[in-house]
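Colleague: The following block contains the structure, expressed as structure tokens.
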Amino acid sequence: MDLPEDAGQLEAEAVRRDTRDRWLMSVPALMIIFLAAAGPLLVMVIYSFLTPGDYSGVKWEFSTNAWSSILVQRDIFDDTLQWADAHLTIFWRSVSLSIITTVLTLAFGLPTAWFISTRPPGKREFWLFLMTVPSWTNLLVRTIAIQELIRAEGVINNVLIFVGIIDEPMQMMFTNFAIGFGMTYVYLPLMVLPIYAAVEKLDVRLLEACYDLYASRWHAFTRVILPLIKPGIIAGSILVFVPCLGAYVVPRVLGGGKNLMFGNLIELQFGAGRNWPLGAALSFLLMVIVMIALIYYIRITSQERKDG
Amino acid sequence: MEAQAQVPVSDADPTPPADTSDPAAEIAIDARRISKVYRGEDEVRALDNVSVTIARNEFFTLLGPSGCGKTTLLRVIAGFEPPTAGTLWLNGKDITRLPPNRRPVNTVFQSYALFPHMSVANNIRFGLEMLGKPKKQIDEIVDEMLNLVQMQAMKSRRTSEISGGQQQRVALARALAPEPEVLLLDEPLSALDLKLRKEMQIELKRLQHETGITFVFVTHDQEEALTMSDRIAVMSAGRILQIGSPQEIYQRPAERFVANFIGESNFLDATLSGNAVTFRTGGTYEVERPADVEDGAVSVLLRPEHAILSSDPSALPATVETVVYSGEATSIHTRLDSGEALKVRVPNAPHSGGLPEQGAPVRIGFAPGALTVLKD
Amino acid sequence: MAERSAFSVRTIPGFSAIAIFCFVAIYAPILILVTFSFNAGTSLAVWEGFSFKWYVAAAHNEQVQSAALRSLMLAFVAAAISTVAATMAALATTRTRHFPGRTMIYAMINQPLMIPEIVTAVALLIVFAWVKVVTNHTSMIYLIAAHTAFCIPFAYLPIRARLETMDDSLEKAAADLYASRWHVFSRVTLPLMMPGIIAGLMLAFVISMDDVVITEFVKSAGQDTLPTYMLGQLRRVVTPEVNAISTVVVFAGAVLVSIFFWVSSNRR
Ligand SMILES: Nc1ncnc2c1ncn2[C@@H]1O[C@H](COP(=O)(O)OP(=O)(O)O)[C@@H](O)[C@H]1O
Ligand SMILES: [Mg+2]
């Protein structure tokens, strides 16, 4: 079959026009996000290489001090280099509280996800809905609710005193415990949902097969159930760990001024700390850590979509 | 229609012919008056007062149309469904309340249910490890099983990386490895193509022979049941209609349903009186009279291959309607003078000719013993 | 005819108890908060009888009034703009084979979801502080821009999901019946994707209403929204007035989210 010289040109032209139209349609969304979300991140990187201003803001002088001062600081008196202990304490608190929260949400979330997925088919949506509704309501309000619970005159202390377990109110507010408790409460649904999705896909016949082959409840759980829902567990863990690491509201309300986390350390640089470049550098660091975790998350979930 | 009468209800009842020797010692599974009711939006009586004994080393098949309760009975035996009523005995012990992980019974699942996160060998190991066998013994048994099902070369493959037939073998090996008292197989061949299915039928027979394990095999394919089984239980709507050897089931079906479900059949209306039946077209023939059928109107079964075209004047007169050639035989569809349809199956000889034309009058005869009186 | 041995392969001992505990634990703090908002006394600890007095107090508090109004206005504008932008982007990125840059558009639209809020907040503070100094302009435009940006991915999600369930045969049929491109869009495509658009609009509204962190860093003096006002109050002596405001916020949010779920599950 002979094709004329200009064969395919019409098609190519149509495809090109279609692509251009689709880009044009996306422009408003892209512009808004670039101006008020993504673009400023680039400016932030520039700021991390400037010198702090005298009052606030920056002086336009290049400096890597912000980056080095994340980890080390120069002693005011003898000019020696020392570890920035205050920062390291806060990093350690952020990481350890995030890990503890992840483990706690897993310990509570896995049974909850299992429970939901073993409800009769028509009822599962209801339980899922019950689990997700609070997570769509105001984060600050939920944090305040936890504060109500654990304040010195809060419900927990009142009940414990009434029952006679303690005489004096326990100090729970403004502790690491309060932060971990609050974050577990707030982020539990983020653990439940991906694990639920994994459990839902679990073939009951595999459970029957393992009990048929003499497995105990424990062995069924560790040898068959856990390995099969591992992708859901990893996804849930990342989804909880990431916002914990960047948490701001929960530690601010429940941790008070002393128990800072990463997010509060960043804020401090723009307030009392008056060190915008350090704040920018810390932000960028947090962003990079989170991006790495999320890219890992996306790879796991898309891998699973391919397998399933 | 009372299925119960056909089936031994308890130890005291007469046992079926296959295990006449010494019932108590030879019986592996004894299900007594088992009922299973699924309560959902509407109640489903999946098993209705089912009693059955299965002898040791027997290849026993549950045969019936889809939805008749075969899987349910198998799951009751495996321990996945508690029976609503009735008891289940294994080797003389009541196991009704025993959970599945403590029953010496293994299942080959319909869709194999192989663990996707384990290799072929680890799937086979699983049951042995759960039983806490010593590692050395486990290795030996796994090796033996891999050889038995000819999967030695694939032992470290993932179960998703092998074909359907191979998955089938692994599922078999996995269930056989712990040497269960009874192996339950739920339509294990239904996912395979015809050629592979035929191969696996022979393979399964061989495995049952070599291992000496009692097989309870579920299928809805009558041909499969006839070729593989020592005994068959035909089920319908949650009841067992008849239990017997393939020959008994085929040649002496107890009920019209059984006759209809297995093989091709002609049913003729007749009147029974004493040891003889009289057809509506006329003609009186001697029959073996079943015990529980009264004189009067009955249905008589005549298998198409037991009917012959005859010149005997006492044979039934009929008219040819269609002639269907199908390779090894030819089916001749005729209509009797009474208006009843009757099919005759004639094997094709090398130089067969002389088959009747459409519309031709013929006479249909049959060998003595070809007629079976059915209760229905 | 009781079920006898009740071995279920789906049972894991203790799991149901933990799950029930979780469901109780999720709602208990909110219920306590709501309960004490009706406390007649000033104390947050001792129940002194039922009263609406804190609701009345909150309603008459001028700061609360203006913060609530500002929150609503902001959420409404941000949700509206982000939904329009997200609808266009969703139309552009669905029901097509891969075209150059599609992955990049996806990534960009979802970018606000990928970055911790505090990071975006700080970046916006840096840039907007500079813009405010240069232009000497401190209107709500900054808050609107910031809210619109982080609402876009939330609005985009349900709209895209809706579009992906729609095949284009109806549109083809309309075109076959002599409808112009505009008529195909306004008479067929738009009505069909409406449930997704409404869901997206509501989701964006809820997300904007709830935001604390970015608002806290972007707002100029006197631009408190309800959440930032509450955050500020927590530094002072806490009265049940905060509980009263919280209760209203929780109920408004729960109602919107319920409607959202209802709308988006109705698409089947
Ligand atoms: N879990 C269940 N809940 C309700 N009804 C069921 C359940 N399992 C099976 N049934 C019903 O019980 C009957 C027998 O099913 P089954 O034993 O699977 O039949 P078969 O294996 O012979 O095809 C069918 O009517 C089926 O719908
Ligand atoms: Mg079945």
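Colleague: Those residues that are within 16 Å of ligand 1 (Cβ to nearest atom) and either in a loop (DSSP other than H, G, I, E, B) or more than 14 Å from every other protein chain (Cβ to nearest Cβ) (or both), I need them from the range B:45-62; list them, please.
Modeller: The first filter runs over the range B:45-62 and keeps only residues within 16 Å of ligand 1 (Cβ to nearest atom), leaving B:45-50, B:52, B:60-62.
Once the filter is applied, which keeps residues that are within 16 Å of ligand 1 (Cβ to nearest atom) and either in a loop (DSSP other than H, G, I, E, B) or more than 14 Å from every other protein chain (Cβ to nearest Cβ) (or both), the range B:45-62 yields B:Val50, B:Val52, B:Phe60, B:Thr61, B:Leu62.
Colleague: Could you grab me the full set of residues in the range B:63-104 that are under 14 Å from B:Val50 (Cβ atoms) and near ligand 1 (Cβ under 9 Å from one of its atoms)?
Modeller: The answer is B:Gly64, B:Cys68, B:Gly69, B:Lys70, B:Thr71, B:Thr72, B:Leu73, B:Leu74, B:Arg75, B:Glu81.
Colleague: I'd like to verify a number: residues in the range A:111-131 that are open to solvent by less than 20 Å² (accessible area, probe 1.4 Å) and facing chain C (nearest Cβ under 8 Å), how many?
Modeller: Taking the range A:111-131 first, the residues open to solvent by less than 20 Å² (accessible area, probe 1.4 Å) are A:111-117, A:131.
Narrowing further to those that are facing chain C (nearest Cβ under 8 Å): A:111-112, A:114-116, A:131.
Count: 6.
Colleague: Given the conditions (1) open to solvent by 40 Å² or more (accessible area, probe 1.4 Å); (2) within 16 Å of ligand 2 (Cβ to nearest atom), and given that B:Arg39 satisfies all but one, which numbered condition is not satisfied?
Modeller: (2)
Colleague: Go through the range B:70-89 residue by residue and tally those that are within 22 Å of the chain's Cα centre (by Cα), more than 16 Å from ligand 2 (Cβ to nearest atom) and either outside the structural domain of B:Gly238 (by TED's automatic domain parsing) or open to solvent by 10 Å² or more (accessible area, probe 1.4 Å) (or both).
Modeller: Residues in the range B:70-89 being within 22 Å of the chain's Cα centre (by Cα), more than 16 Å from ligand 2 (Cβ to nearest atom) and either outside the structural domain of B:Gly238 (by TED's automatic domain parsing) or open to solvent by 10 Å² or more (accessible area, probe 1.4 Å) (or both): 1 in total.
Colleague: Pick from the range B:49-69 the residues that are within 16 Å of ligand 2 (Cβ to nearest atom) and β-branched (Val, Ile, Thr): which of them is farthest from B:Ala175 (Cα to Cα)?
Modeller: So, considering only residues that are within 16 Å of ligand 2 (Cβ to nearest atom) and β-branched (Val, Ile, Thr), the one farthest from B:Ala175 (Cα to Cα) is B:Val50.
Colleague: Please report, ordered by residue number, the helices (runs of 4 or more DSSP H) entirely within the range C:50-168 with at least 3 residues that are within 8 Å of chain A (Cβ to nearest Cβ). Break it down stepwise before answering.
Modeller: Working: elements: C:53-60, C:62-93, C:102-114, C:117-135, C:141-165.
Fully inside the range C:50-168 and qualifying: C:62-93, C:102-114, C:117-135, C:141-165.
Colleague: In the range B:90-104, what residues are within 10 Å of chain C (Cβ to nearest Cβ) and open to solvent by 30 Å² or more (accessible area, probe 1.4 Å)?
Modeller: B:Arg97, B:Leu98, B:Arg102
Colleague: For the structure I just gave you, tell me whether B:Leu226 is farther than 19 Å from B:Ile77 by Cα, within 20 Å of the chain's Cα centre (by Cα), in a loop (DSSP other than H, G, I, E, B) and away from ligand 1 (no atom under 16 Å from the Cβ). Let's see the steps before the verdict.
Modeller: On the way: farther than 19 Å from B:Ile77 by Cα: yes; within 20 Å of the chain's Cα centre (by Cα): yes; in a loop (DSSP other than H, G, I, E, B): no; away from ligand 1 (no atom under 16 Å from the Cβ): yes.
Against the criterion (farther than 19 Å from B:Ile77 by Cα, within 20 Å of the chain's Cα centre (by Cα), in a loop (DSSP other than H, G, I, E, B) and away from ligand 1 (no atom under 16 Å from the Cβ)), B:Leu226 does not qualify.
Colleague: Taking interchain pairs and intrachain pairs at least six residues apart, which have beta carbon atoms under 6 angstrom, with the first residue in the range B:225-247 and touching a residue at least 40 places away in the same chain (Cβ under 8 Å) and the second within 13 Å of ligand 1 (Cβ to nearest atom) and of a type in the set (S, T, N, Q)?
Modeller: From residues that are touching a residue at least 40 places away in the same chain (Cβ under 8 Å), the pairs are B:Ala225/B:Thr61; B:Ala225/B:Thr219; B:Ser229/B:Thr61; B:Ile232/B:Thr61.
Colleague: Give the number of residues within the range C:67-94 that are open to solvent by less than 10 Å² (accessible area, probe 1.4 Å) and without any contact (Cβ under 8 Å) to a residue 40 or more places away in the chain.
Modeller: We begin by selecting, within the range C:67-94, every residue open to solvent by less than 10 Å² (accessible area, probe 1.4 Å); these are C:67, C:71, C:74-75, C:78-79, C:82-83, C:85-86, C:89-90, C:92-94.
Okay, now just the ones that are also without any contact (Cβ under 8 Å) to a residue 40 or more places away in the chain, so C:92.
Qualifying residue count, the range C:67-94: 1.
Colleague: Take the residues of the range B:25-44 that are in a strand (DSSP E or B) and near ligand 1 (Cβ under 7 Å from one of its atoms): which is farthest from the other protein chains (Cβ to nearest Cβ)?
Modeller: Taking the range B:25-44 first, the residues in a strand (DSSP E or B) are B:27-38, B:44.
From what is left, the residues that are near ligand 1 (Cβ under 7 Å from one of its atoms) are B:38, B:44.
Values: B:Tyr38: 11, B:Val44: 14 Å.
Checked the range B:25-44; the qualifying residue farthest from the other protein chains (Cβ to nearest Cβ) is B:Val44.
Colleague: Kindly indicate whether B:Ala191 is within 16 Å of ligand 1 (Cβ to nearest atom), small (Gly, Ala, Ser) and part of a helix (DSSP H, G or I). Walk me through how you get there before you give the answer.
Modeller: Numbers: within 16 Å of ligand 1 (Cβ to nearest atom): yes; small (Gly, Ala, Ser): yes; part of a helix (DSSP H, G or I): no.
No, not satisfied.
The values are calculated or read from the model by the stated rules, or taken from the named source; none is laboratory data. Quick caveat, the model's predicted, so the values are computed rather than measured. A quick note on method: Cβ atoms are made from the backbone with ideal geometry, for glycine too, and the neighbour counts reach across all protein chains shown. Only protein heavy atoms, including side chains, enter the accessible area calculation; ligands, DNA and RNA are left aside. Shrake-Rupley method; radii C 1.70, N 1.55, O 1.52, S 1.80 Å.
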